[in-house]
């Protein structure tokens with residue numbers, strides 16, 4: 001990007017003793033900004049305002065840095081929010097960019113990373129799931145994928161949620177009979193599995209279908225995901241009629257069932273609009289000083305679901321500013337469609353279009369519908385945003401009550417804004433995993449959940465596991481210099497366990513010197529592990545219980561149960577990975593075909609590992625050199 005840092009200017013103004021204290025801060029901040037602006041060029045860039053503690057107050061972009069920064073010195077023209085920001089400003093920093101578009105992209109990146117107090121902020125940054133058809137197999141499976149797209153293959157999405165992906169995959173199995181098993185499971189099959197018998201797979205693992213026929217199944221699935229479901233249905237209808245005419249009623253019934261599967265998913269889609277192929281529809285709704293941005297995803301003419309966002313902003317922000325900031329931050333790490341349909345024209349619309357076009361490498365249009373089918377679609381989206389906001393406000397009101405009760409119960413000065421709950425999961429010390437969930441005024445913050453693969457604790461040492469997890473967690477926070485007064489630092493640690501777990505965590509916090517920076521509580525199930533008889537442990541206090549019908553107890557149980565669910569899920573995922581591994585997975589040059597041939601010949605991976613070179617050569621497709629490689633791999637030659 002060719003960005004270059006300028007220097008920073010510290011507060012050094014004096015001689016304002018006769019002005020009231022609030023006015024002193026305002027005039028002093030304006031003077032700092034004026035002196036800094038005088039040194040800036042008339043070129044694009046990004047500026048940052050920092051307070052005396054070095055915290056970033058605001059990140060902004062500018063076509064002309066000098067003019068934009070100088071505008072903050074006209075303090076009488078600014079609303080109270082900006083006056084407060086100017087009064088707090090103690091230092092400024094700036095980055096030069098080559099173009100205004102680069103400034104917009106850098107600004108979005110910095111806002112998401114630094115989370116400045118006075119910026120409009122998109123807080124939920126969870127990645128979207130996709131459907132992936134890999135290229136690395138003769139009989140590819142269709143699978144759910146989330147995260148970096150490193151596997152070679154075709155990605156379809158984004159889908160709004162894992163549930164939307166699972167629903168689509170379920171339909172695709174019934175309609176196109178594609179396999180869903182792992183490659184290692186596929187390679188080991190000697191006979192069809194249950195999926196074949198319930199007509200959800202054509203069993204390519206045991207050659208019940210040719211490579212060409214399976215490739216056609218994949219092509220049909222690809223066409224369906226690309227928005228050609230009507231064409232696929234018409235094709236199946238003709239094949240069903242042809243089979244029926246030939247009195248092959250069993251074959252006709254197969255096509256009938258596949259047509260029904262495709263019809264079912266179309267019926268479940270909330271709304272589909274002709275003329276919209278690949279687009280995001282973004283609607284804004286505001287109430288009680290808060291905003292909900294509802295995003296619907298359309299790909300290939302199909303509705304891939306929707307998701308609600310609640311950006312943080314000041315009450316006086318305009319609709320265009322909120323939507324403009326949302327779109328810039330949203331697409332900073334999300335796929336860009338060729339069309340974005342909005343309820344309000346965002347600020348810097350032309351600049352946003354140019355930036356998004358550069359990212360997509362084709363023209364991106366941002367438009368606001370005024371009539372017709374697109375306007376009805378936008379009304380539908382905004383109606384969803386309104387309902388989401390109403391639910392959000394109700395949830396926040398109840399969460400606020402619970403947090404007040406928690407603060408009173410644990411003698412905290414104010415309701416906690418961030419609660420971290422920890423639990424561990426393992427089976428006899430194997431696949432040990434620690435889980436951390438986060439909750440606050442807006443409920444569970446699932447994008448902040450973390451799992452820890454236990455590395456150093458001894459098997460089945462619950463106290464050692466908890467010690468390791470908390471040590472890693474807070475060592476990292478301290479290393480990253482997370483503000484202890486900020487929203488990323490926890491106010492309350494809730495540990496699933498009793499006195500032993502409490503002591504282990506206490507030692508970690510004491511060793512790191514942060515014992516006074518967080519409230520520590522352990523929650524353990526009471527006699528016979530009955531829910532409702534939980535015991536609470538805090539250092540310096542006698543253990544205590546709450547009445548069975550206490551709402552705060554139910555809230556804390558919900559937090560504990562969510563941590564338990566998350567930790568068990570992480571453990572199962574790790575255990576499943578171990579179970580599905582084959583001893584042959586790491587052998588160089590052994591693909592799915594050779595792996596399958598070896599397993600069919602020897603019966604198991606363990607038997608392959610003990611075979612001689614001569615025995616290995618007896619397997620179809622295994623040459624002398626390949627047999628030697630396999631033998632050397634297992635015998636450390």
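In table form, for the structure just shown:
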read-out: Among residues of the range 498-520, those that are touching a residue at least 60 places away in the same chain (Cβ under 8 Å) and either on the phi > 0 side of the Ramachandran plot or in a loop (DSSP other than H, G, I, E, B) (or both), counted; value: 0
read-out: The range 323-341, residues that are touching a strand residue (DSSP E or B) at 6+ places or on another chain (Cβ under 7 Å), farther than 10 Å from residue 122 by Cβ and not in a loop (DSSP other than H, G, I, E, B); value: 323, 339, 340, 341
read-out: Test for residue 454: is it in the same structural domain as residue 471 (by TED's automatic domain parsing), surrounded by 14 or more Cβ atoms within 10 Å (Cβ to Cβ) and free of Cβ contacts under 8 Å to residues at least 40 places away in the same chain; value: yes
read-out: Which listed residue is without any contact (Cβ under 8 Å) to a residue 40 or more places away in the chain and crowded, with 17+ Cβ neighbours inside 10 Å, from 303, 315; value: 303
read-out: Flag for residue 77 being within 31 Å of the chain's Cα centre (by Cα) and either surrounded by fewer than 17 Cβ atoms within 10 Å (Cβ to Cβ) or more than 30 Å from residue 181 (Cβ to Cβ) (or both); value: no
read-out: Residue that is nearest to residue 393 (Cα to Cα) [pool: residues in the range 422-449 that are part of a helix (DSSP H, G or I) and in contact (Cβ under 8 Å) with a residue 24 or more places away in the chain]; value: 446
read-out: Leading residue by the ranking (surrounded by the fewest Cβ atoms within 10 Å (Cβ to Cβ)) among those in the range 476-496 that are without any contact (Cβ under 8 Å) to a residue 60 or more places away in the chain and in contact with a helix residue (DSSP H, G or I) (Cβ under 7 Å, 6 or more places away or on another chain); value: 478
read-out: Residue count for the range 474-506, restricted to those that are within 16 Å of residue 538 (Cβ to Cβ) and out of contact with any strand residue (DSSP E or B) (no Cβ under 6 Å at 6 or more places or on another chain); value: 5
read-out: Within the range 212-230, tally of residues that are touching a helix residue (DSSP H, G or I) at 6+ places or on another chain (Cβ under 7 Å) and free of Cβ contacts under 8 Å to residues at least 60 places away in the same chain; value: 4
read-out: For residue 237: the one exception among (1) surrounded by 17 or more Cβ atoms within 10 Å (Cβ to Cβ); (2) part of a helix (DSSP H, G or I); (3) more than 32 Å from the chain's Cα centre (by Cα); value: (1)
read-out: Hits in the range 185-194 (condition: surrounded by fewer than 18 Cβ atoms within 10 Å (Cβ to Cβ), in a helix (DSSP H, G or I) and touching a residue at least 12 places away in the same chain (Cβ under 8 Å)); value: 185
read-out: Filter result (out of contact with any helix residue (DSSP H, G or I) (no Cβ under 9 Å at 6 or more places or on another chain) and either modelled with pLDDT under 90 or more than 21 Å from residue 309 (Cβ to Cβ) (or both)) within the range 361-389; value: 361, 362, 370, 371, 372, 373, 374, 375, 376
read-out: Residue match in the range 343-357 (condition: in contact (Cβ under 8 Å) with a residue 40 or more places away in the chain, in a loop (DSSP other than H, G, I, E, B) and in contact with a strand residue (DSSP E or B) (Cβ under 8 Å, 6 or more places away or on another chain)); value: yes
read-out: Which numbered condition residue 58 fails, given (1) over 24 Å from residue 359 (Cα atoms); (2) within 26 Å of the chain's Cα centre (by Cα); (3) not in a strand (DSSP E or B); value: (3)
read-out: Hey, residue 407 modelled with pLDDT under 90, farther than 22 Å from residue 569 by Cα, part of a helix (DSSP H, G or I) and not assigned by TED's automatic domain parsing to the domain that holds residue 553 or not; value: no
read-out: Test: residue in the range 201-208 that is within 27 Å of residue 303 (Cα to Cα) and surrounded by 15 or more Cβ atoms within 10 Å (Cβ to Cβ); value: yes
read-out: Residue in the range 190-198 that is in contact with a helix residue (DSSP H, G or I) (Cβ under 9 Å, 6 or more places away or on another chain) and either on the phi > 0 side of the Ramachandran plot or not assigned by TED's automatic domain parsing to the domain that holds residue 261 (or both) present; value: no
read-out: Residue match in the range 414-424 (condition: surrounded by fewer than 13 Cβ atoms within 10 Å (Cβ to Cβ) and under 21 Å from residue 520 (Cβ atoms)); value: yes
read-out: Filtered residues of the range 136-157 (kept if over 16 Å from residue 184 (Cα atoms), part of a loop (DSSP other than H, G, I, E, B) and in contact with a strand residue (DSSP E or B) (Cβ under 6 Å, 6 or more places away or on another chain)); value: 149, 151, 157
read-out: The range 322-346, subset within 19 Å of residue 102 (Cα to Cα) and surrounded by fewer than 18 Cβ atoms within 10 Å (Cβ to Cβ), residue farthest from the chain's Cα centre (by Cα); value: 335
read-out: Residues within the range 23-48 that are outside any loop (DSSP other than H, G, I, E, B) and over 18 Å from residue 104 (Cβ atoms), tallied; value: 15
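The values are calculated or read from the model by the stated rules, or taken from the named source; none is laboratory data. As the structure is a computational prediction, the values presented were derived from the model and not from experiment. With ideal geometry, Cβ positions are generated from the backbone for all residues, glycine too; neighbour counts draw on all protein chains shown.
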